[in-house]
Each structure stands twice: as structure tokens, then as C-alpha cells.
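S.K.: Take this structure, written in C-alpha cells, and hold onto it; I'll ask about it next.
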Amino acid sequence: MRSVIALGLLAVAASGCVFIIGPDDPKPLPIPTPLVCADDNSAPTVHVYFSVRIERTTVNMVPAYTTLMTRVVTGLAGAGLQATQVALVRADERPGGAPLLAAWGCLLDSPDVLRPEDVLMWYATQEQLDDGPLGCVTDPLVRLGVAPEAVVTQYPPALVGTNGRSVFGDAPDLVLVVHLDALARRTSFEQAECGSARSLAELNGDAPAWLRFAGDDLAADRVTHWFISTPEATDRATFIDACRMQEGFPSDLLDFMEPSTLAVYGPAAKAVRDQTPSGVASAGLCELLANDRKFLVRELTAVAGRAGVSANAKQIGDVLDNGLPLPDDTLGRDDVGSSLPNGG
């Protein structure tokens, strides 16, 4: 059976089957939602940046983060979009370390081989950053965005990713940046050190000043930020009570999460929204760890709309609940395979 790689799809912890056609397949199979890397696929392309704070306690968050990342990319497929490149980006105020931690996609590694949970676990347990001088949590993301031509994959020997691959080339149709942060921020939006957070709202013409590509720039209304974090300017007792009120929230994670006395994401979201009203969504991390379906259906529908795709909210919800279905006309063929556990 020929191997079929789930390009750009974070494959662990998802239900159902996903059947993806690789870039070398001469005749891509028809699938209900166009997540393929064939040249003749006309679905809008998306680059996804997961900007994630990773520290020692993140070990305990790895399953939840991996599931959420999986569902975001799967949901994009349900919305009729193709995530051709998915990047894991460092989110940290401390200096040192490359901003790009891993990348998956059409010309990059498969998540079946370079497993997202392995990457998260390695950086949580093995890498130590310098204590200072402190910058801003968004520094690595902006550092990556302003010089994409210099970004290549570079993995430690313990990870099986392919080194030296260029990650970012021409602009896609859309960019989705998902900020994930379960811990306190070390500097605030208003501090001089947080110039990178303020730069997320700056424009160069009609394009974000922080995000460049080898070809044409991407208009700001094609770039979406999701700020998903623990609350800011909130005490721990209030934070814990609010999380426990979320039905389905795994309360055992509270020992590894903390609110932030310093505000970064809230002011950053407001600043970006003031420039590009449609390009921002915010959600509490506890809320999404309890039940992310409502948020994902609503926001993925909005993301698709920015590319001119009339996404079906019910289809997105069905894909989130059940995974991508296998077309009837592929059953019994020996040239397709499943990239996910729980094969179909």
C-alpha cells in the first residue's frame, strides 16, 4: 500500500480518518474537503503559526495542546481550506534559541514522523533559555515574520525532522496565528521591551509590518490572530474559580497554569482589532480546554470568509466531531492509506 502523508495535518489525538494526497500523486483523489497538496487544488492556502510558551510545566499540557492544534488544522480542512504549512513557534520573553521549533507541510515533514507531541515534550524537558535580558513574549514570532527567507528547519538529534528545509516562500491566501499561553507573562504590552507586541498592529501600506514573504505581501485582512491564554490582571483564586466553572475543564491542569498580573495579549488584541477589525479573536484557555467546538466553528467560518469561501458551519462541526470522511469511491483501493490512528 502506498503511503499517503497527512501534510500539514497534526495527526495525533484526532478522531476518524484523513486521506491526503501527496504532491507527487498524478491523479489526486476527490475528497469532501480539499486538504491536498496537488498543484491543481484550487482551495485557498493557509499558513498556520502556533506561537506556544513552552516551559517545564508544559509537559503536563502537551496532550491538551496537541489535541487543540490538531483540531484547528482539521477544522480548516472542514472549512474548505488547505493548511499547506504549519509552524510551531517559540513564545518567550527570554533571549536565545531559534524562533522556529518545528514545521510540517507539503514540502516539509509529516506529523506522523515528526510528531508534534514529541517536539513539545523535547523543548519542555531539554532546552533551557537564558534568564535575561527580557524582551516580549511575541519576540520570536516577529523575528520569524520579518525575515522569512532566513528561516530553515533545524532540529536537535533527538527529533527526526529534516534539517535545512526552507519554510516560508510566497504568501499564502491566509495566515492564522494561534497564540497559546498557560503561564504568566514576564513583561507587559506597555513596557519598552514589548515593542514586538505593539508591532503586530503596525501596517506597511495595507500589509502587516511584521509579516513578509518572498513574493507579494499579504493584506492585513488576510491575517488572523487568535489569542488563547490564561487571563491577565487577575488573581489566582479568581482564575481557579472561573476555570472550575467551565463544564468539562480538566481541573488537574490547574497546577500547571497561572494567570498573569501583566497584560500583553489583551492590549495586543485591541491594537490589532483597531487596525483590522475582522482579524482578531480572543478566548480563555480554560474555556477552550473544556470545549473548543463553538469557538472553532465560529472563528473558522470567519477565517474562510476572508478568503471568499462560504464555509458551512455544520460541516466544520461534523469534521471536528468525526474527522474527515472517506469518499465511497475510494473504498477497496490499494493506493490510499490512513494517516491517523483509529483508521477508517
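The values are calculated or read from the model by the stated rules, or taken from the named source; none is laboratory data. Just so we're clear, the structure is a prediction, and the values are computed from it rather than from any experiment. A quick note on method: Cβ atoms are made from the backbone with ideal geometry, for glycine too, and the neighbour counts reach across all protein chains shown.
S.K.: Of all residues being under 21 Å from VAL137 (Cβ atoms) and either part of a helix (DSSP H, G or I) or in contact (Cβ under 8 Å) with a residue 60 or more places away in the chain (or both) in the stretch 221-242, which is farthest from the chain's Cα centre (by Cα)? Just the residue, please. First the steps, then the outcome.
M.R.: Step one: filter the stretch 221-242 for residues under 21 Å from VAL137 (Cβ atoms), giving 223-236, 239.
Applying the additional criterion that residues be either part of a helix (DSSP H, G or I) or in contact (Cβ under 8 Å) with a residue 60 or more places away in the chain (or both) yields 224, 226, 228, 236, 239.
Values: THR224: 11, TRP226: 9, ILE228: 11, ARG236: 27, PHE239: 25 Å.
This residue is ARG236.
S.K.: Those residues that are among the acidic types (Asp, Glu) and closer than 30 Å to ALA263 by Cβ, I need them from the stretch 118-162; list them, please. I'd like the intermediate steps shown before the answer.
M.R.: Here is the first cut: in the stretch 118-162, the ones among the acidic types (Asp, Glu) are 118, 127, 130-131, 139, 149.
Those that are among the acidic types (Asp, Glu) and closer than 30 Å to ALA263 by Cβ: GLU127, ASP130, ASP131, ASP139.
S.K.: OK, next. Starting from the stretch 188-207, keep only residues that are in contact (Cβ under 8 Å) with a residue 40 or more places away in the chain and of a type in the set (S, T, N, Q), then list their pairs with residues that are surrounded by 14 or more Cβ atoms within 10 Å (Cβ to Cβ) and not in a loop (DSSP other than H, G, I, E, B) whose Cβ atoms are within a distance under 7 Å, requiring at least 6 positions of separation or different chains.
M.R.: SER188/CYS194; SER196/ASP139; SER196/VAL142; SER199/VAL142
S.K.: Of the numbered conditions (1) touching an Asp or Glu at 6+ places or on another chain (Cβ under 7 Å); (2) under 29 Å from VAL152 (Cα atoms), VAL280 satisfies every one except a single condition; which is it?
M.R.: Result: VAL280 passes all but (1).
S.K.: Out of all the residues in the stretch 220-252, which are farther than 20 Å from GLY266 by Cβ and aromatic (Phe, Trp, Tyr)?
M.R.: PHE249
S.K.: Residues in the stretch 174-207 that are touching a helix residue (DSSP H, G or I) at 6+ places or on another chain (Cβ under 7 Å) and more than 18 Å from ALA268 (Cα to Cα): how many?
M.R.: Residues flagged as touching a helix residue (DSSP H, G or I) at 6+ places or on another chain (Cβ under 7 Å) and more than 18 Å from ALA268 (Cα to Cα) within the stretch 174-207 amount to 2.
S.K.: Something else now. Return the pairs, sorted by first residue and then second, in which the second residue is at pLDDT 95 or above and part of a helix (DSSP H, G or I), the first residue lies in the stretch 131-152 and is among the small types (Gly, Ala, Ser), the beta carbons are less than 8 Å apart, and the residues are 6+ apart or on different chains.
M.R.: Qualifying pairs under 8 Å: GLY135/GLU193; GLY135/CYS194; GLY135/SER196.
S.K.: Can you name the strands (runs of 3 or more DSSP E) wholly within the stretch 38-121 that have at least 2 residues being of a type in the set (Gly, Ala, Ser) and buried (at least 23 other Cβ atoms within 10 Å of the Cβ)? It would help to see each step written out before you state the result.
M.R.: Details: elements: 45-52, 82-90, 100-105.
Result: 82-90, 100-105.
S.K.: Check every one of the helices (runs of 4 or more DSSP H) wholly within the stretch 254-311 and list those with 3 or more residues that are over 23 Å from ILE240 (Cα atoms). Explain how you work it out, then say what you get.
M.R.: Values: elements: 265-275, 285-290, 293-306.
It comes to 265-275, 293-306.
Rundown of residues vs (1) at pLDDT 95 or above; (2) more than 19 Å from the chain's Cα centre (by Cα); (3) of a type in the set (Ser, Thr, Tyr), yes/no style:
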{"site": "PRO259", "(1), (2), (3)": "yes, yes, no"}
{"site": "TYR265", "(1), (2), (3)": "yes, no, yes"}
{"site": "ALA268", "(1), (2), (3)": "yes, no, no"}
{"site": "VAL272", "(1), (2), (3)": "yes, no, no"}
{"site": "PRO277", "(1), (2), (3)": "no, yes, no"}
{"site": "VAL280", "(1), (2), (3)": "yes, no, no"}
{"site": "LEU285", "(1), (2), (3)": "yes, no, no"}
{"site": "ASP292", "(1), (2), (3)": "yes, no, no"}
{"site": "ARG298", "(1), (2), (3)": "yes, no, no"}
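S.K.: I'm checking my understanding of the structure. Among residues of the stretch 122-145 that are touching a helix residue (DSSP H, G or I) at 6+ places or on another chain (Cβ under 9 Å) and more than 15 Å from LEU88 (Cα to Cα), which one is surrounded by the most Cβ atoms within 10 Å (Cβ to Cβ)?
M.R.: Among them, the one singled out is CYS136.
Here is a yes/no grid of residues against (1) under 17 Å from the mean Cα position of the chain (by Cα); (2) among the aromatic types (Phe, Trp, Tyr); (3) within 24 Å of VAL160 (Cβ to Cβ); (4) at pLDDT 95 or above:
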{"site": "SER3", "(1), (2), (3), (4)": "no, no, yes, no"}
{"site": "ALA14", "(1), (2), (3), (4)": "yes, no, yes, no"}
{"site": "ILE21", "(1), (2), (3), (4)": "no, no, yes, no"}
{"site": "LYS27", "(1), (2), (3), (4)": "no, no, no, no"}
{"site": "SER42", "(1), (2), (3), (4)": "no, no, no, no"}
{"site": "ASN60", "(1), (2), (3), (4)": "no, no, yes, yes"}
{"site": "VAL73", "(1), (2), (3), (4)": "yes, no, yes, no"}
{"site": "ALA102", "(1), (2), (3), (4)": "yes, no, yes, yes"}
{"site": "GLY105", "(1), (2), (3), (4)": "yes, no, yes, no"}
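S.K.: Something else now. Would you pick out the residues in the stretch 138-157 that are out of contact with any Phe, Trp or Tyr (no Cβ under 7 Å at 6 or more places or on another chain) and closer than 18 Å to GLY215 by Cα? Break it down stepwise before answering.
M.R.: Narrowing the stretch 138-157 to residues out of contact with any Phe, Trp or Tyr (no Cβ under 7 Å at 6 or more places or on another chain): 138-140, 143-144, 147, 149-150, 152-155, 157.
Within the stretch 138-157, LEU144, ALA147, GLU149, ALA150, VAL152 meet the criteria.
S.K.: While we're on this one: So which of ALA192, ALA219, ALA214 is out of contact with any Phe, Trp or Tyr (no Cβ under 6 Å at 6 or more places or on another chain), of a type in the set (A, V, I, L, M, F, W, C), under 23 Å from THR301 (Cα atoms) and surrounded by fewer than 18 Cβ atoms within 10 Å (Cβ to Cβ)?
M.R.: Values: ALA192 fails: under 23 Å from THR301 (Cα atoms); ALA214 fails: under 23 Å from THR301 (Cα atoms).
Matching residue, one of ALA192, ALA219, ALA214: ALA219.
S.K.: Another question, then. Of LEU288, LEU296, LEU300, LEU253, which residue is of a type outside the set (Val, Ile, Thr), farther than 30 Å from LEU174 by Cβ and surrounded by 18 or more Cβ atoms within 10 Å (Cβ to Cβ)?
M.R.: Working: LEU288 fails: farther than 30 Å from LEU174 by Cβ; LEU296 fails: farther than 30 Å from LEU174 by Cβ; LEU300 fails: farther than 30 Å from LEU174 by Cβ.
Answer to the selection: LEU253.
S.K.: Quick one: would you say ARG186 is assigned to a loop (DSSP other than H, G, I, E, B) and of a type in the set (Lys, Arg)? Steps first, answer last, please.
M.R.: Values: assigned to a loop (DSSP other than H, G, I, E, B): yes; of a type in the set (Lys, Arg): yes.
Criteria met by ARG186.
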